Amino acid sequence: MKIKLDENIPTAVASHLAAFGHDVDSVMDEGLDGCPDPDVWDGAQRAGRFLITQDLDFSDIRQFVPGTHAGLLLVRLKSPGRRAVAERIRTLFAVQPVHGWEGCFVVATEVKVRVHCP
């Protein structure tokens, strides 16, 4: 899977996901850090990358309709420290059928994963 990490995702996640065989880059790799969310989204979509973010600006499924994009994972933790976020994403990619998430809108909390596919 081709993945783009938003700037609010710990950089250590890139090596975890690459170890699972994914092609990972980040907003920082493209010089999009600090850019408005629409620019981040456009960059991910132009590259055909599944975006992983914690940004609530990406939380409206009506705006990010499944099947109209490469995919989106919104991570929502009650205590979103860098270590907790990195561990939750690593665990998701280790145990969930993430290859089926392409084109989907996915929300992950500490205990639940909601996958909305086209």
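Taken over the chain, the ratio of Cα radius of gyration to 2.2 N^0.38 Å equals 0.94.
Determine the gain in length on full extension of the stretch residue 59-residue 7; use 0.36 nm per residue of separation and subtract their C-alpha separation, reporting nm with one decimal.
Taking 0.36 nm per residue and subtracting the Cα distance, the gain is 17.1 nm.
Could you give the DSSP H helices of the chain that reach 15 angstrom or more along their long axis (alpha carbon positions) and whose average Kyte-Doolittle hydropathy is no lower than -0.5?
On the way: long enough: 82-95 (20 Å, 0.19).
The answer, listed by residue number, is 82-95.
Straight-line cross-link partners of residue 2 among the aspartates and glutamates, defined as a Cα under 12 Å from its Cα and at least 8 positions apart when in the same chain: 23, 25, 102. Largest mean-square fluctuation among 97, 80, 66, in a Gaussian network model of the chain whose springs join Cα atoms under 10 Å apart, belongs to 97.
The separation of the range 4-39 from the range 46-118, counted between C-alpha centres, amounts to 13 Å. With a cut-off of 12 Å between beta carbons, the residues surrounding residue 84 carry a summed charge of +4, where Lys and Arg count +1 and Asp and Glu -1.
I want the local charge near residue 17. Using Cβ-Cβ distances under 15 Å, sum +1 for each Lys or Arg and -1 for each Asp or Glu among the other residues.
Values: positive: 2, 4, 49, 88, 90; negative: 6, 23, 25, 29, 87, 102.
Summing Lys and Arg as +1 and Asp and Glu as -1 gives -1.
Remark: the range 102-116, residue by residue, has Karplus-estimated 3J(HN,Hα) of 4, x, 9, 10, 10, 10, 10, 10, 4, 10, 9, 10, 10, 10, 10 Hz, where x stands for each Gly or Pro and the curve is 6.51 cos²θ - 1.76 cosθ + 1.60 at θ = phi - 60°.
No value in this document is a laboratory result; all are computed from the given coordinates. For clarity, every value in this text was computed on a predicted model and none was experimentally measured. Note that each Cβ is placed from the backbone with ideal geometry, even for glycine, and that neighbours are counted across all protein chains shown.
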